Amino acid sequence: MQENDPLVFRYADIKAEGGRNVKLAPAPAAYADVFDSPDTLKKLRLELDFSVGGDSILLEGRIYAELELICARCGDPLARAFEDSFDEVYPDSLEYIDARELIRETVALVAPIKVLCSDACKGRCLVCGVNRNSKTCGCRTDKASPFSALKDLDLKTPGKPGKKNSK
């Protein structure tokens, strides 16, 4: 346990003070291993509010993060700001409250699974790869429908599925 770590708090000190409010801006590099790419997390701010209640301490926290992400359709980089909250109750039997892992988990969960640069993103051309948001191409991407084979299926004759009679 590192007593001088800004995210490790003495339980007795918080209880003696009747609670504590902490605002921090830890270095994003400390959380680089949480994401696939080390420079995904650009900024991080934390607000921690400790409340004393009987035989326990409640930690209510909020994180504010700026992430550099990649659009799932066109592949262009984009920056987005996210925020999330968390809470945890610590029993009276502890000597220290270590908030590092709780914060690490919350930071890891703040990133969305799929992100788009805009709802109207057109993505990339499947043939030539051009970003269709900024340029148009002449590629034809017409594909036959996977259901086109069913157009000649006769469903009106009960019990005898098959091809339509051509008369």
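Provide the FRET efficiency to the nearest 0.05 for the Ile113-Glu17 pair, computing r from the beta carbons and using R0 = 35 Å. In this case the efficiency is close to 0.30. With everything on Cα atoms, drop me the angle between helix 100-110 and the longest principal axis of the chain, reported from 0 to 90° to the nearest 10. Between helix and principal axis, roughly 20 degrees. Which pairs break 26 Å Cα to Cα here: Lys15/Lys42; Lys114/Lys151; Lys114/Lys135; Lys23/Lys114? Those over the limit are Lys15/Lys42; Lys114/Lys151; Lys23/Lys114.
The length gained on full extension between Glu66 and Ala144, counted as 0.36 nm times the residue separation minus their Cα-Cα distance, comes to 23.8 nm. The listed peptides 116-127, 63-74, ordered by packing as a protection proxy, come out as 63-74, 116-127 (highest mean of other Cβ atoms within 10 Å first).
Across the stretch 8-110, Cα pairs under 8 Å and at least six residues apart give a relative contact order of 28 percent. Listed by chain and number, the aspartates and glutamates placed with their C-alpha closer than 14 angstrom to that of Lys122 are Asp76; residues fewer than eight positions away on the same chain are left out.
Distance from the C-alpha centroid of the stretch 80-119 to that of the stretch 8-66: 9 Å, rounded to the whole angstrom.
No value in this document is a laboratory result; all are computed from the given coordinates. On a predicted model such as this, the values are computed, not experimentally measured, just so you know. We place every Cβ from the backbone using ideal geometry, glycine too, and count neighbours over all the protein chains shown.
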